[in-house]
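Each remark here refers to the structure printed beneath this line.
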């Protein structure tokens, strides 16, 4: 495998990791809301909920501070080192990239991130997770 192919492979891997991150945050909120309605016990798992909250908190903080997502930067750097524009990535990476990057201004994205973060925070208030150190009634 040539160095160019390694960079291209790594860039594709970063896109897929980025997509997995987004899927966990978005899908996690959907699962939490559905689980609250259907009384699924697992959606009250403390560690799942803390990780979920922290993941969206990182996105919101980066956006409010005007920081570009590190995964986006890593992908760009790796594509540049491979000598390929994003359009020349593999099919799955191209598809994942198109899902991740929408045509909105940074200000609009910040508003959406903050609103999403508030929604996640509200689930903590309205349906708090079970604390593992507390005994069950």
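Throughout, read-outs are computed from the coordinates displayed, never taken from laboratory work. In this text, all values refer to a predicted model and were calculated from it rather than measured experimentally. Reconstructed Cβ throughout: ideal geometry from the backbone, glycine too, with neighbour counts over all protein chains shown.
When 63, 76 are arranged by Cβ crowding within 10 Å, least crowded first, meaning fewest neighbours, the order is 76, 63. The sum of -39500 (n - 2.57) across all DSSP H runs of n ≥ 4, divided by the residue count of the chain, sets its helix-only mean residue ellipticity at 222 nm to -25000 deg cm²/dmol.
Here the calculated FRET efficiency for residue 133 and residue 57, from their Cβ-Cβ distance with R0 = 22 Å, stands at 0.50, rounded to the nearest 0.05.
Relative to the dominant Cα principal axis of the chain, helix 106-126 is inclined by about 30°. The Rg/Rh ratio for the stretch 93-137, using Cα coordinates for both the radius of gyration and the Kirkwood hydrodynamic radius, is 1.26.
Taking Cα atoms only, the orientation of helix 46-64 departs from the longest principal axis of the chain by about 50 degrees. Modelled spin-label separation between residue 33 and residue 9, with each label point placed 7 Å from Cα along the Cα-to-Cβ direction: 4.0 nm. Relative to the longest principal axis of the Cα atoms of the chain, the long axis of helix 91-100 lies at roughly 50 degrees.
Say a paramagnetic label sat at a point 7 Å from the Cα of residue 64, along Cα to Cβ; which residues of the stretch 109-129 have their backbone N under 15 Å from it? Taking a point 7 Å out along Cα→Cβ of residue 64, the residues of the stretch 109-129 whose backbone N falls under 15 Å are 110-122. Debye-formula intensities of the stretch 3-126, expressed as log10 I(q)/I(0) at q = 0.12, 0.15, 0.16, 0.19 Å⁻¹, are -0.53, -0.76, -0.84, -1.04 (one equal scatterer per alpha-carbon, no solvent).
One Cα centroid belongs to the stretch 95-137, the other to the stretch 12-91; the line between them spans 10 Å.
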